[in-house]
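Remarks on the structure that follows.
What follows draws every value from the coordinates through simple rules; no lab data is involved. What you see is a predicted model, and the numbers here were worked out from it, not measured in a lab. Every residue, glycine as well, gets a Cβ built from its backbone with ideal geometry; the counts of neighbours run over all protein chains shown.
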Amino acid sequence: MIDLYPLAGPLLFRFDPETAHGLTIKALKSGLVPPARGKDEPALHTRVWGLDFTNPVGLAAGFDKNAEVVDAMLNLGFGFVEPGSVTPRPQPGNPRPRLFRLVEQRAVINRMGFNNEGLEAFAQRLERRREKARRAPGIVGANLGKNKDTADAADDYVIGVRRLAPLADYLVVNVSSPNTPGLRALQGRDPLRALLERVLEARASCGLSRNPPLLLKIAPDLTVEDKSDIAAVALESGIDGLIVSNTTIARPDSIPAAMRSEAGGLSGAPLFEPSTSVLREIYALTGGKLPIVGVGGVATGEDAYAKIRAGASLVQLYSAMVYAGPAVVHRIRRELAELLRRDGFRSVAEAVGADHR
Ligand SMILES: Cc1cc2nc3c(=O)[nH]c(=O)nc-3n(C[C@H](O)[C@H](O)[C@H](O)COP(=O)(O)O)c2cc1C
């Protein structure tokens, strides 16, 4: 592929991060970014939840909050994309500034607070996409959040599931954003059990011939007890998988003093170790029975491979794209295929959880 990011990147970095993101979405929507899918090596093909992924590298939630650039991102080489988080009603999110680059650390801090155009706009875009003859191939999930002012969180997730179950290849219940008050408390054993029961019931009530897999996205900032509770509830509830992890509220020593006090979730390189370690633990606690999407600090094929060996069936990224542009996806695919070959794995699936054996 021709990589234009060495030109576009420095230009975008002259704007504040949120303006740069808005410009990126506009460029993608208007077709200014040329498609560059490339060919996926057969070893990268993988089947999870009965869905065929041409490669295991996905775009994490938060980049395309309103499902505006699903095809454009698939056309850049992602095996799957996850628009959202979407909330039932539109909401503005937190006041700006709320997005910060930590260039030297290859990291991002955000406290967006689920800014989005709401469920109806999101669903209609997916509906229109379904009608298009020329859709990009690839898997499209939908990541669900709750409105800030909704008292009973489960109500919002149920609304999201009912509207999007017929439109998405998989659904994500996101209870791990640090920027919506009270959200992460839903990861506790009893609230989680009650929430998952209600969303699974909502999915069943859609009467679809094929239910989209339902995944739970968790935070990296969890106690030993939290993790074992989540693993137990995930297994007993009958959900289909987990996404590990969202951003962290921790501030590792590498984060400069001026940025330490910015509230929000930290993502990118400093999140790699902590999120991979939670992934490893959750894989062990669930005995490898639930497919896990590994996310947090993935920027190279080696990072993706490490997540897979720790127990991820698929990986996702967001922050690495800010610094390396979409070419990062091609690089990861190429390097990952090489690493699998080097270690004698014929497929991604063969390498999942290899560190545990
Ligand atoms: C600006 C920004 C917005 C995000 N918004 C969401 C969101 O709406 N829902 C969600 O589940 N995760 C959201 N995330 C978290 C990412 O999906 C991902 O879990 C996290 O950034 C770690 O991956 P990374 O290190 O590759 O960025 C957001 C991340 C960033 C940087």
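Observations, loosely collected:
- Two-site FRET efficiency, residue 155 against residue 302, from Cβ-Cβ distance with R₀ of 51 Å, rounded to 0.05: 0.75
- Modelled FRET efficiency - R0 22 Å, residue 162 with residue 235, Cβ distances, 0.05 increments: 0.30
- Total formal charge among the other residues, if their Cβ is under 11 angstrom from that of residue 294, Lys/Arg +1 and Asp/Glu -1: +2
- Taking 7 Å steps out from each Cα toward its Cβ at residue 127 and residue 32 produces label points 3.0 nm apart.
- Segment residue 197-residue 354, length gained on full extension (0.36 nm per residue, minus Cα span): 53.3 nm
- Across the chain, the longest piece that holds none of the chymotrypsin sites (Phe, Trp or Tyr not before Pro) lying in DSSP loops with up to 14 other C-beta atoms within 10 Å covers 16-357.
- Annotation: for a label point projected 7 angstrom from Cα along Cα→Cβ of residue 13, residues of segment 251-269 with backbone N closer than 20 Å are 254-260, 267-269.
- Modelled spin-label separation between residue 3 and residue 259, with each label point placed 7 Å from Cα along the Cα-to-Cβ direction: 2.1 nm.
- Sorting 35-41, 140-146 by average packing, meaning the other beta carbons within 10 Å per residue, from highest down gives 140-146, 35-41.
- Average Cα contact separation per residue, segment 4-351, under 8 Å, 6 or more apart, as relative contact order %: 18
- Amide H contacts of residue 85 (H built 1.01 Å from N, in plane; Pro and chain starts excluded): 62 sit under 5 Å, all sequence-distant by 5 or more or on other chains.
- Couplings 3J(HN,Hα) of segment 97-110, computed from phi: x, 9, 9, 9, 8, 10, 4, 5, 8, 6, 9, 9, 10, 9 Hz, in residue order, whole Hz [Karplus 6.51 cos²θ - 1.76 cosθ + 1.60, θ = phi - 60°; x for Gly and Pro].
- Residues of type lysines that residue 146 reaches as a straight line, Cα spacing below 27 Å, ignoring anything fewer than 8 places off in the same chain: 26, 29, 65, 217, 227
- Segment 4-351: C-alpha pair distances exceeding 28 Å, %: 37
- In range of the label at residue 249: residues from segment 109-128 whose backbone nitrogen is under 19 Å from the point 7 Å along Cα→Cβ: 109-115
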